[in-house]
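The values are calculated or read from the model by the stated rules, or taken from the named source; none is laboratory data. All of these numbers come straight from a predicted model, not from anything done at the bench. When we count neighbours, we look across all protein chains shown, and the Cβ atoms used for this are built from the backbone with ideal geometry, even at glycine.
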Amino acid sequence: MEKISVAVRFRPSTTEPNPSDRQWRLDDNRISLHRPLGTPITASSAPSFSFDLVFDHYAANASVHELLTRPIILAAVDGFNGTAFAYGQTSSGKTYTMNGSDSDPGIIQLAVRDVFGTIQMVTDREFLIRVSYMEIYNEEINDLLVLGNQKLPIHESLERGVYVAGLREEIVNNTDQVLELIKLGETNRHFGETNMNARSSRSHTIFRMVIESSIKNAISSGDVSSEDAIRVSVLNLVDLAGSERIAKTGAGGVRLKEGKHINKSLMVLGNVINKLSEGKQRSHIPYRDSKLTRILQPALGGNAKTSIICTVAPEEIHVEETKGTLQFASRAKRITNCAQVNEILTDAALLKRQKLEIEDLRKKLQGSHSEVLEQVILKQRNDMLKSEMERDKLAMQLEEERKAREALEHHIKEQQKRMDNLNDLSLSSDQTLNLCQERVGSGEISQEVFNANNETQLDGFKTPNFKSMPSNFVMKRATYSGAIESSPIPDSFDSTADEDMWLRLNKGCTTDLDTLHMTPFGNNQSFLSRDESLGHTSEEMSIKETSSQETECSLHKQELEASKEQCAKLENECNLLREKNASLGQALSMSKENVELLTAQKEELLKNLNIEKQKMKDLKDEIRQFSLAFTQRESLLTSLYSKSKAMMENLKSYRGPIPEILDY
Ligand SMILES: Nc1ncnc2c1ncn2[C@@H]1O[C@H](COP(=O)(O)OP(=O)(O)OP(=O)(O)O)[C@@H](O)[C@H]1O
C-alpha cells in the first residue's frame, strides 16, 4: 500500500503583481496565502497546505519529471502500472507540464525518453512497447492516432479489465517514433479559444504506453517458472481539461457545452477522490459516473503507482480556484494505492506448463509409478501365496494336533477305566480279606490255613471277579446269604477236593458232589486258601499299579493340557493368518482398482493432450488468418489515410467552388 504522491506547481504570473494583492508563499513543501503586507492568512478559509513536492514558477518540466514522475516511469518498466496526471483550473499550465514546449519538453516526452533509455539498460529482458493516444471529448472517446471522432466504447473483461475497444495501439521501437505519433495525436486533439486560454484543451487526453517484457529466451529453457511470465504494465500520462467558470471563460455555444462536460467529469473525479480520501475504498466509489474515472480507475485506489501534479495560477484573480485545487490535492494525498508487478503467463508458457504436467503424469503412469505398483501387487501376491501355504501347513498341524489330542483323550479314558477297575479290584480284595477274617474269627477257617494262604504268593492269578464260571460247576444255594463280592471259585479245580471245607464254604449249600471233579491228593490246596492268599498279594500289586497308573494318568493329563494350549495357540495363529490373508486380498483388489483408475486417467490425459494440440493448431491458424487480415486492413487504412491527407492538402490549396462528389 502506498500513498498517491501529489505535487503542486505554480505557473509564472501573467500579470504584474499588484501591491494590494494577496500572495501565495511557498516554504519548502508548504503553501500559504499571505496578505498584501506579508502576514499569513490563517483563517479556515485559507489554511496552509503541505504536499510531497511544491514547484514554483521557475521550475522546469525536467525537474518536475525528475522528482515526481520519473520514479513512476521506472516502476512501469519493472512491471508496475503507473499514472501521472495534471489537474488544475483552465490556463494553469497542465498542458505545458505534460506536453511542454520546444525549449522545455513536457513530462510525456521526458517519460518516453526515459522508457526507451531504461529498457536499453535492461539486457536480460526483451520489451514490446505499444502506444495509444485518446481523448475524452464531451464524454465521448476518440482515438487521437486516427482521424475523426470514433466514439469508442469502454468494455470490461476479466482478462483486460477496463479497456477502450477499437483503440489503435502502435508498436514502437524508439523515442522518435513515439514523438511522431504524439504530434499526430496533437493535431487531432480538440483545442479551443476561450477568454482565459488562447489554446485551451477542450478534452481530457490520455497518452498510454503498454510495456510488455519477458526474460530473453525464457520459453526455450527448461522448467516453467516466473521467468516465463510476461510483465505487462500500463503507463497513463493524462492531461486533464481545466475546470472553468463559465463567467470567466466567457464560454457560449460549443465552448459552453464543452465546459459543462469538462466540469461534470472533473466533479466526478473530485467525488471519487473525496470518497477514496475518506478511506472508503470498500464503499461505493462512483468510478462509473464518468468515462474519465472509469478509465483511470486502477490509478485511483487500485493497482497502480500514481502521481498528481496540480497546476495553479498565482494571480489574485484566481485565488479561489487555486484554493479549490489545493483542497483537491490535499484530499488526493490521502489516497492509498496497492501497486504490484503485473505478471501473466503467455499461451506458450501455459502450454509448456500443461505439457510438463502431462509429461509428469505420463511418467508417473508409465514409468516408475506403474512399476512400483506392479511390484507392490507382485509382492502382495507372493505374500498371499506364502500366507496361504502357511495357513495350510498350520491347518495340517492343527489336524495332527487334534488327532493326537483325541488319541490322548482316548488313552486317558482307557487309563481311567483301568484305574476304576483296579479300584474295584482293590475294594473287592479288601472285602474278601474281611470275609476271610470273619470266617477265621467264627472258626470256619483255621488261623494257620488263613495265615498260610495269606502268605502264599501265587503268580499268574487273574482277577477272579470277572472269571466266567465253568459250566460243569453248578451250585445250589440254599441257606447261603453272605454277600460275596468276588467269587472264590478258582480257574479250575483239581481232581481232589476237601468236602468239609466245601460245605463250610458253601454254608450248607447242597451240591451234587458227583458232578465235581475231584482234586487229586497232595495237591489239595483249598481254592479258598489260594484265593485268599492271592487276595492279599493282588492288593499290593494293584496299589502299586494304581499309583503308577495315576502317575501315568497325571502325566497324560499334563500332556493333554499342553496339547490343548498348543492347539489354542495354533487356532489363534490360524485366525490371524486368515485375517492377514483377507486384508491382503482386499489390498490386492484395491491396487487392481488403482491400476484401473490410473489407466483411465492416463487415457483421459492423453485425450486432453490431443485436444490441446488440436486447439493449439486451431489457434495458430486463427492467428495466421487474423494477422493476414490485420496487415491487409492496416495497408488499406494507411493508403486511405495518405489519400485523405493528400485530399485535405488539395482542398486547402483549392480556391474554386467545392465539388459535389468526392470520389475516394
Ligand atoms: N510553467 C510554465 N512556464 C511557462 N509558461 C507556462 C507555464 N505553465 C503554463 N504556461 C503557459 O500558460 C499558458 C496556459 O498554459 P496551458 O495551456 O498549459 O494551461 P492549461 O492548464 O492546459 O489550460 P487548459 O485547461 O485551458 O487547457 C500557456 O501559454 C503556457 O505556455
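Overview of values
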| read-out | value |
| --- | --- |
| Verdict on PHE116 being more than 15 Å from the ligand (Cβ to nearest atom) and assigned to a loop (DSSP other than H, G, I, E, B) | no |
| Count - residues of segment 263-280 that are outside any helix (DSSP H, G or I) and among the charged types (D, E, K, R) | 2 |
| ALA218, sole failed condition from (1) assigned to a loop (DSSP other than H, G, I, E, B); (2) crowded, with 20+ Cβ neighbours inside 10 Å; (3) more than 16 Å from the ligand (Cβ to nearest atom); (4) modelled with pLDDT of 85 or more | (4) |
| Residue check for THR537: in the same structural domain as SER428 (by TED's automatic domain parsing), β-branched (Val, Ile, Thr) and modelled with pLDDT under 70 | yes |
| Failed item, numbered, when GLY82 is tested on (1) within 52 Å of the chain's Cα centre (by Cα); (2) of a type in the set (Gly, Ala, Ser); (3) on the phi > 0 side of the Ramachandran plot | (3) |
| Scope segment 577-613; condition surrounded by fewer than 15 Cβ atoms within 10 Å (Cβ to Cβ) and among the hydrophobic types (A, V, I, L, M, F, W, C); matching residues | ALA582, MET590, LEU597, ALA600, LEU606, ILE611 |
| Given (1) buried (at least 24 other Cβ atoms within 10 Å of the Cβ); (2) hydrophobic (A, V, I, L, M, F, W, C); (3) more than 14 Å from the ligand (Cβ to nearest atom), number of the condition PHE127 does not satisfy | (1) |
| Qualifying positions in segment 278-335 - within 36 Å of the chain's Cα centre (by Cα) and charged (D, E, K, R) | LYS280, ARG282, LYS305 |
| The one condition in (1) closer than 30 Å to ASN423 by Cβ; (2) surrounded by 12 or more Cβ atoms within 10 Å (Cβ to Cβ); (3) at pLDDT below 80 that LYS544 fails to fulfil | (2) |
| Exclusive hit being under 30 Å from MET389 (Cβ atoms), in contact (Cβ under 8 Å) with a residue 40 or more places away in the chain and not aliphatic (A, V, I, L, M), set GLU552, GLU571, GLU545, GLU596 | GLU571 |
| Segment 64-89: number of residues that are within 16 Å of the ligand (Cβ to nearest atom), touching a Lys or Arg at 6+ places or on another chain (Cβ under 9 Å) and not aliphatic (A, V, I, L, M) | 4 |
| Where GLY88 falls short, out of the listed (1) farther than 21 Å from GLN340 by Cβ; (2) surrounded by fewer than 24 Cβ atoms within 10 Å (Cβ to Cβ); (3) of a type in the set (Gly, Ala, Ser) | (2) |
| Index of the failed condition, PHE55 passing every other in (1) within 12 Å of the ligand (Cβ to nearest atom); (2) at pLDDT below 95 | (2) |
| Positions within segment 175-207 being crowded, with 20+ Cβ neighbours inside 10 Å and either more than 16 Å from the ligand (Cβ to nearest atom) or of a type in the set (Phe, Trp, Tyr) (or both), in sequence order | VAL178, LEU181, PHE207 |
| Condition check for VAL172: touching a strand residue (DSSP E or B) at 6+ places or on another chain (Cβ under 8 Å) and buried (at least 21 other Cβ atoms within 10 Å of the Cβ) | no |
| Residue pairs meeting the criteria (Cβ under 8 Å; at least 6 apart or on separate chains; first within 14 Å of VAL8 (Cβ to Cβ) and part of a loop (DSSP other than H, G, I, E, B), in segment 84-110; second within 8 Å of the ligand (Cβ to nearest atom) and of a type in the set (Ser, Thr, Tyr)) | SER92/THR311; GLY93/THR311 |
| SER157, sole failed condition from (1) polar (S, T, N, Q); (2) within 25 Å of ILE107 (Cα to Cα); (3) free of Cβ contacts under 8 Å to residues at least 40 places away in the same chain | (2) |
